[in-house]
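What follows is a set of notes on a single structure, which appears directly below.
Each reported figure results from applying straightforward, stated rules to the coordinates on display, with no laboratory input. Everything quoted here is computed from the prediction, not taken from an experiment. So basically every Cβ, Gly included, is an ideal-geometry build from the backbone, and we count neighbours across all protein chains shown.
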Number of protein chains: 2
Amino acid sequence: MKFVRRLALLGVLCGAASLAGAQPHPSIFITKQEAAAIRAAEGKYPLLDRSLREARATMDSAFAKPIDVPPPGEAGGYEHERHKQNYREMQTAGLLYQITGDVRYARFVRDMLEKYAVLYPTLGAHPLNKNQSAGKLFHQALNEANWLVATTIAYDCVYDFLSPAERARFETNVFRPMASWLSREHPHEFDRIHNHGTWATASVGMLGLVIGDTTYVNDALKGTTRDGSGGFVRQLDLLFSPDGYYMEGPYYIRYALMPFYYFAEAVQRRQPSARLYAYRDSILKKGLYSAVQTAYPNGVFAPINDASRTMSIASPEVVLAVDLAYDRYGPNANLLGAAAIQNDVILNGAGLKVARDLAARTATPKMSFGSVEFTDGPDGKRGGLGILRSGAGQHATMLLMKYGVHGQGHGHFDKLHFTFFDDGREVVPDYGFARWINIEPKLGGRYLPENDTYAMQTIAHNTVTVDQRTQNDANEDKDEAVWPERHFFDASNPAVQAMSARTDKHYAGVAEQRTMLLVRDARLPYPVVVDLFRLTSAAPHSYDYPLHFRGQLIATNTTYARAASLEPLGAKFGYEHLWNEASARTDSTVRMTWLDGNRYYSITTAGAPGTDVIFARTGASDPNFNLIVEPLMIVRRRASDMLFASVIEPHGYFSELEERSTNARGTIESVRVLGSSAEGSVVEVAGKNGLRWTVMVTNGPASATARHALTFGGQTYSWTGNYAVQGVQR
Amino acid sequence: MKFVRRLALLGVLCGAASLAGAQPHPSIFITKQEAAAIRAAEGKYPLLDRSLREARATMDSAFAKPIDVPPPGEAGGYEHERHKQNYREMQTAGLLYQITGDVRYARFVRDMLEKYAVLYPTLGAHPLNKNQSAGKLFHQALNEANWLVATTIAYDCVYDFLSPAERARFETNVFRPMASWLSREHPHEFDRIHNHGTWATASVGMLGLVIGDTTYVNDALKGTTRDGSGGFVRQLDLLFSPDGYYMEGPYYIRYALMPFYYFAEAVQRRQPSARLYAYRDSILKKGLYSAVQTAYPNGVFAPINDASRTMSIASPEVVLAVDLAYDRYGPNANLLGAAAIQNDVILNGAGLKVARDLAARTATPKMSFGSVEFTDGPDGKRGGLGILRSGAGQHATMLLMKYGVHGQGHGHFDKLHFTFFDDGREVVPDYGFARWINIEPKLGGRYLPENDTYAMQTIAHNTVTVDQRTQNDANEDKDEAVWPERHFFDASNPAVQAMSARTDKHYAGVAEQRTMLLVRDARLPYPVVVDLFRLTSAAPHSYDYPLHFRGQLIATNTTYARAASLEPLGAKFGYEHLWNEASARTDSTVRMTWLDGNRYYSITTAGAPGTDVIFARTGASDPNFNLIVEPLMIVRRRASDMLFASVIEPHGYFSELEERSTNARGTIESVRVLGSSAEGSVVEVAGKNGLRWTVMVTNGPASATARHALTFGGQTYSWTGNYAVQGVQR
């Protein structure tokens, strides 16, 4: 079998011998030599100093209070947070003990473990667990694995400080029962191909490496059944596309990076022949890069699928992965740029290296990954994720289009959805998850019902909803089985970058094709988005083209009627959560300008007879005020074939503080569909200063060399390749 | 007459002789000696370097484009903004010419003035003026005065560089016609006791000082009629309370500080015997201090009356006043703290002194004005403004209560209104103005209809609305004629600070008394607000106690019904702008927790039979999407006598980025009215950790020594003075 062959190549079938020998401590994350080097480097590298200062401050606070190891409590409650803080403090104390030699830190770990050694044997499965695999200290096993990873590192650091009796007590009362609970006693969670499984295997494997138990290590690497269906290595096979894109999206790869890197690092140090870092053409390197490369220019992850709006590369998980990758895969300026945004390093040799190399630079490197496309699915053939960028630094422009797989339980029905980042902000947003994470009064901080009824639905995204129904009727299994098809992605010309994808598998009988361009014209102050969303069907449908935004509506050319009382826009598929605030009917161009931050944004959509424009806002059918209230505009039209052709233009400047406003109107004045057929679409964009573009895109098979000539309205439009834009001024 | 006597004392009747002599240039804002000192200081003081760098960058951009002096345009349009930018650039260029000696700067001013000398004689009154005194370059005379102030400083700086013919041309074609237009040709605006009058007089007076025309100077100081009804000195008499509180509020004093200080400084330099800085017991010093002392700890002005939400002490007007006051009234650590927030200094000797003194400090001084009360009205007897503070630095707590005069045309019907600032944010906000200032598509950036229909109305504020009608039925003249009465203000005890005010002149037949306390208890992590709002009447009324907030509703103990469709809460007095999102009826304590930033906030209001709780949101009856959409809660009860007794408690911590939440529930559990009479009110506040306070306040005459003993429910409560809180743990 392929799986077994790979394992053999890896040499991961480490025998008892390799671990049973005289084992140095610490050895899985930091060595005495690295600790000494950090001690010697203090005061030299600002980033290292900052991280050391923070670690010391953490422990100063910890020392100021008595150690508390309370009985288990509810998620988000005091006890839950206390146990989390305890493992953070133990890990910090263990590392500081090695770095400073100060025995107060070692005593702290010992004294806390003594309390756990009393408490843990009294515990059974946590009583408050709901729908999740239970832990004992925590309501879910996942938190227990987090605890074990951190505490194992701490234990490794104080191992030599402890007496044999203490070690025996901790291993017997806490570590071995916990590892067994997480692995052999709950093999379903342990062997699962999922980030929960990664945490479980990493924690048990790391413990095995510290205490010299090969069964734990082999369970971790190969799964409890050893048949290739589970375990850490299998997760490396299945959870990433060949490009390293993680199918649950960046918010989740962020979380999974920690166990992946911690365990890979521990194995690399104790069993280097296993070569986990090199496995699958360095898939762990690709996994990290796919995460930081999909981040917005300010380091925040686009909140696609179930994800928070604020998670960023500055999270401790990404700090760990950036530093280890920099060390293991070789220096890289973009990783230093990421480290500068993170403003933090890990406390081992890798962190020292990053801090040292960053300090040696005269100018802080800017993180800038350019435009990039990721394929999706383990085989890389299930659509993808396209990212077009223009500019550098935190104020770069970024346009993201999602055309990959559903993404399992955390996936959204959001295919052909896009988000747009400009001027340091997510301007056309993704709602992310409907969850107030860890806020106990909000359903214990868990996912809220509105996550299913709104956040996952198609209308919560910037993609067309057909007949006011969600893609695949919100059936997860159906949606998981299909994905859009990549059409083309071309970022070779900085003035006109383009990406395109299509599907006929998300709405029965409807073919959808979206081509998005990022265009830089010398007459415009910022890059603009050109969006051609084409739908074709044998029968007429109602097509809803939504644009979610934040901030304030400033102007629109539509003559709308504002509702005197508000009704929900619909009864299901997320429409029940939208208040219908105003609506208009028009045959001509639809323009709307809004203000977000210090900049204005205008969307201009080509007119078509009998088009409805709806101004809506989230917050309806929300009995517990769980939703965030935000506006959107929907352009709705009933048709068989429809091309929504739009331009989104950032323009002007507003500062309330300075009381200054410039160019609140924008340059683009009209978007006109000249024609659209199975072969291609042609659109004219016109505005002030003589701006006039002809945008031509191919709807048929992708080909960089095919020549096209289409005649609409008596005029022939010719181009070569997948797309062309005429009239752009460099 | 008192006015004439004052003028005589001042010696401001400056004769022609004093100006006609050989006049050095520049002399009204900077001298050659100061310029040389700045040149010598460059590189020594970070704040000065920063301001110089910014000035140079402004001019580098200006030099990169051709000079443009376009014909007049609409407010917020290109031409309008161009003329504003032109005067800023001329002033900057003039100062840099003096500081650097680089003649490119002087040429820039000359070349731009040449263009104005061609354009200005062709202009009549601006055609787009609406309801305001017209300028010629700008739609309103106010902007023309702004232009003249800045350009006069520039002219003074390049005076000696220009040829006599150039000077004659600029004075004949631009300066004199403009000064005449602003003064003798429009005496109503010029002689008005209003910040527009201050700008007009300052601009004309400054020009007079530069070109040696005593008529302009005397018109400016004494008004065109010279009868004591108008002019700069009269404005100093009437626009400030004796404490320096400016009756229009901090947003407007901020704007008025610039002409007040520019002209006072110019007169001080050219005619020091006038002693404007010393006038009225240093009223200009008090005016500045009243502004910075009413600012929130982060430097932003509380947006009371018509005001933006973001205006702060960092505005250029306050930078000017802080630096000049530091120079003229003597060094002050709080002003250095303000300068540190401003991160900017003016380019003259005063700015140099501030930058130098700040650089000499080892630690940046924190701006901390402590608790303070301002009286209102020119006689100081028309109510006031109370501010209670706890803590220091930008995260201090601040509670503000407004009980002064209406404040003329920009005043709101908001008496006994409060705002609350905590953790770096305005947590219980004032809506400020309904205006998108300078945003041309929003009614030319002017005040919007919703300013009158919503922002000014009582329900838009955190004060009780009676019978769903605005105070004094929103009649400005009626409201201008009355004001609340100060009751007491006592900030002597940092654990319990209190302020109280009352009125029976804002609702016919209803007496209102509000006592607010800021309480610091060792069992609570942050200071909490205790609010006792008492209403008495012979007849029953409907009392609405509102709390405006931002962020997300997290939990409430009320069993509310959420509306399936939304209706406005009423038809007038601002209620037409509120959507009724949910309502509940209860007889017991009302609790509501919301999340704002990284902290939770809970309000707990004492229960009373038949109380309605309404959750509402702005945005109804808003045809042009002009309003900002924000939530509020209203506690409504029909009664003759009513005491709304509430506690607002900040608690816990939430970070979505860190995925951490602690103490989302808070400590205070109940607030109970034990009794309320004409003599006093007694309220019990209870919570976790044995917290139990008895809050006793006096409703009768204020007296720090009177002894009170009230018996409610068989128990007698005794205290001495205006208030007492028992049970607070230090």
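Tell me the label-point distance for the pair B:Q33, B:K572, using the 7 Å Cα-to-Cβ offset, in nm and rounded to one decimal.
Between B:Q33 and B:K572, the label points sit 6.6 nm apart.
Hey, what's the Cα Rg ratio for the protein assembly as shown versus the globular rule of thumb, 2.2 N^0.38 Å?
Compared with the compact-globule rule of thumb, the protein assembly as shown sits at 0.99.
Would you mind giving the three semi-axes, in whole Å and largest first, of the ellipsoid equivalent to segment B:241-287 according to its Cα gyration tensor?
20, 13, 5
For segment A:20-107, what Kirkwood radius comes out of the mean inverse Cα-Cα distance, in Å?
So the Kirkwood estimate lands at 14.7 Å.
To the nearest 20 Debye, how big is the dipole of chain B about its Cα centre, given +1 on the beta carbon of each Lys and Arg and -1 on that of each Asp and Glu?
So the magnitude is around 1340 debye.
Compute the semi-axes of the equivalent ellipsoid of chain A, taking the square root of 5 times each eigenvalue of the Cα gyration tensor, and list them largest first in whole Å.
Semi-axis lengths for chain A are 50, 26, 25 Å.
Nearest 10 degrees is fine. How inclined is helix B:46-63 to the longest principal axis of chain B, computing both from alpha carbons?
On a 0 to 90 degree scale, this one is about 60.
What dipole magnitude, in Debye to the nearest 20, does segment B:372-726 give about its Cα centre under +1 on Lys/Arg Cβ and -1 on Asp/Glu Cβ?
That gives segment B:372-726 a dipole magnitude of about 740 debye.
State the extension gain, in nm to one decimal, for the chain segment bounded by A:Q715 and A:T215, taking 0.36 nm per residue of separation less the distance between their alpha-carbons.
Extra length from A:Q715 to A:T215 when fully extended: 172.6 nm.
Per residue, how much space in cubic angstrom lies within the convex hull of the C-alpha atoms of segment B:276-368?
Roughly 98 Å³ of hull volume per residue.
Between segment A:148-184 and segment A:233-264, what is the C-alpha centre distance in whole Å?
27 Å
For the pair B:Q726 and B:T362, what calculated FRET efficiency results from E = 1/(1 + (r/R0)^6), where r is the Cβ-Cβ distance and R0 = 45 Å, to the nearest 0.05?
Efficiency at R0 = 45 Å is approximately 0.55.
Measure out, as a whole number of angstrom, how far apart the alpha-carbon centroids of segment A:384-403 and segment A:568-582 sit.
A separation of 30 Å, based on Cα centres.
Taking the label point 7 Å from Cα in the Cβ direction, how far apart in nm is B:P378 from each other copy of itself, listed shortest first?
8.5
Using a 7 Å offset from Cα along the direction of the beta-carbon, what are the separations from A:N557 to the same position in each other copy, nm, ascending?
5.6
For segment A:66-238, what relative contact order do you get, as a whole percent, if you take Cα pairs closer than 8 Å and at least 6 residues apart?
Computed value for segment A:66-238: 18 percent relative contact order.
So what is the diffusion coefficient of segment A:66-238 in µm² per second by Stokes-Einstein at 10 °C and 1.306 mPa s, using a Kirkwood Rh over Cα pairs?
The diffusion coefficient I find is 98 µm²/s.
In the protein assembly as shown, with Lys and Arg counted as +1 and Asp and Glu as -1 at Cβ, which of these residues, B:A307, B:V149, A:I153, has the Cα nearest the positive end of the dipole, that is, farthest along it?
Positive-end residue among those listed: A:I153.
Can you tell me the FRET efficiency between B:D60 and A:A392 if r is taken as the Cβ-Cβ distance and R0 is 22 Å, rounded to the nearest 0.05?
0.50
Any idea what the A:R39 label distances to the other copies are, label 7 Å down the Cα→Cβ vector, nm, shortest first?
Nearest first, the other copies' label points are 5.7 nm away.
How large is the translational diffusion coefficient of segment A:218-344 in µm² per second when you combine the Kirkwood radius over alpha carbon pairs with Stokes-Einstein at 25 °C and 0.890 mPa s?
Estimated diffusion coefficient is 166 µm²/s.
In debye, nearest 20, what is the charge dipole magnitude of segment A:534-667 about its Cα centre with +1 on Lys and Arg Cβ and -1 on Asp and Glu Cβ, if you could check?
With only Lys, Arg, Asp and Glu charged at Cβ, the dipole is about 340 debye.
Over chain B, what is the relative contact order in percent, taking alpha-carbon pairs closer than 8 angstrom and at least six residues apart?
Relative contact order comes out at 8 percent.
In degrees from 0 to 90, rounded to the nearest 10, what is the angle of the helix A:316-329 Cα long axis to the longest principal axis of chain A?
Long axis of A:316-329 versus the principal axis of chain A: about 80 degrees.
Once you order the gyration tensor axes a ≥ b ≥ c over the Cα atoms, which shape class does segment A:422-483 get: rounded for a/c under 1.5, otherwise prolate or oblate by comparing a/b with b/c?
It comes out oblate by the Cα gyration axes.
Rounded to two decimal places and with Rh computed the Kirkwood way over Cα pairs, what is Rg over Rh for segment A:372-726?
0.95
For A:S312, B:S681, what's the fewest-to-most ordering of other Cβ within 10 Å of each Cβ?
The most exposed by this proxy come first: A:S312, B:S681.
Nearest to the axis that maps chain B onto chain A: list the chain B residue whose Cβ wins, with the distance in whole angstrom.
B:L566, 2
Kindly express, to the nearest 10 degrees and within the range 0 to 90, the angle between helix B:333-342's C-alpha long axis and the longest C-alpha principal axis of chain B.
80 degrees
Mind checking which lysines have their C-alpha under 26 Å from B:K415, skipping anything on the same chain fewer than 8 residues away?
Straight-line reach from B:K415, under 26 Å: B:K286, B:K381, B:K402, B:K478, B:K505, B:K572.
Once you order the gyration tensor axes a ≥ b ≥ c over the Cα atoms, which shape class does segment B:618-705 get: rounded for a/c under 1.5, otherwise prolate or oblate by comparing a/b with b/c?
Oblate is the answer for segment B:618-705, as a/c is 1.5 or above yet b/c matches or exceeds a/b.
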